[in-house]
1. Holding the Cα-Cα limit at 21 Å, pick out from Lys46/Lys144; Lys144/Lys168; Lys123/Lys168; Lys93/Lys144; Lys88/Lys168 the pairs that are longer than that.
2. Using amide H atoms built 1.01 Å from N in the peptide plane, name the residues 5+ places from Ser117, or on other chains, whose amide H lies under 5 Å from its own.
3. Show me, bin by bin at 5 Å from 0, the whole-percent P(r) of the stretch 73-200 based on Cα pairs.
4. Taking the stretch 38-148, how much of its Cα-Cα pair set, in percent, is spaced more than 19 angstrom apart?
5. Would you list Glu56, Glu165, Glu105 from fewest to most Cβ contacts within 10 Å?
6. Neighbouring Cβ atoms within 10 Å as the yardstick, rank Asp79, Asp141 fewest first.
Amino acid sequence: MNIWFMRTQLLVYLLVLASLNCAYSDYSFSAISSFRPDGSAHVTEKTIFLFENAEERKAFELNMNLGESTISEWRKFSDNIRFHFKGKISDTKITAKREFTVSFEAGAVILEYDIESIVAIQKVGSRRTIYGMLPDALAFDRTKTGQTSLGNNVVLQFEYPKGSELLKAAPVYDEGGNVITWNGPIAGNWEFEYAEEMPLSQEVGEFFISTYKDAADSLPLILLSAFALLLLFVLVKYRRS
């Protein structure tokens, strides 16, 4: 079956859906952000929605079989299928599948991407670094007062590097190890801050490596200076003789 025929089928299904005035029902949404030591993060967003009838299910399966990989193609199934973080985004991947563990009439779209420029990095001393999420990093819905809002069956989870110290997080969250979780419905002003401290042994090791590198970089200059002094000494001695 060629791509043109499959796209024609998809168009027919969408026209049928439009004539029936069908709508998909959101079941749940989760966003998991795994922060890295450099302050960037890998985000995995999963949207699960329910089909109202067989036509909707067929349209989803056709879109899935076509291997659609653009957000605009999938947003017709749910408004939740979009980037929920603001920053420098790269390596976007979209996966679609049936979600039989929820229901025979359920589908899921998984959006994965890497993101930078969502934290402010502050160096404190020679070994301690503080990472604070920027106030406008989240792109969830907002209340009339400007607070970030998570709806029903919405989960937001942050995983920060192991060994880091959690300094601040808001609003009220659940914690387990190096993972904090917010479960909707909830609204508030989001805060997230953690610190990493370089072990003293690592600092000492990096100092010696840096010193060795500086010495290695300076070696040609040292040898050239020594050669120049030696040449000057020979010339002076030759002239005296």
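1. Listed pairs above 21 Å: Lys46/Lys144; Lys144/Lys168; Lys93/Lys144; Lys88/Lys168.
2. Result for Ser117 returns Lys88.
3. Distribution as computed: 2, 8, 15, 19, 20, 16, 10, 6, 3, 1, 0, 0 percent.
4. Across the stretch 38-148, Cα pairs with separations above 19 Å total 56 percent.
5. Least to most surrounded, the residues fall as Glu165, Glu105, Glu56.
6. Fewest to most other Cβ atoms nearby, the residues stand as Asp79, Asp141.
Read the figures in this text as sums done on the coordinates, not as results from a lab. All of these numbers come straight from a predicted model, not from anything done at the bench. Ideal geometry is used to build each Cβ from the backbone, glycine not excepted, and the neighbour counts take in all protein chains shown.
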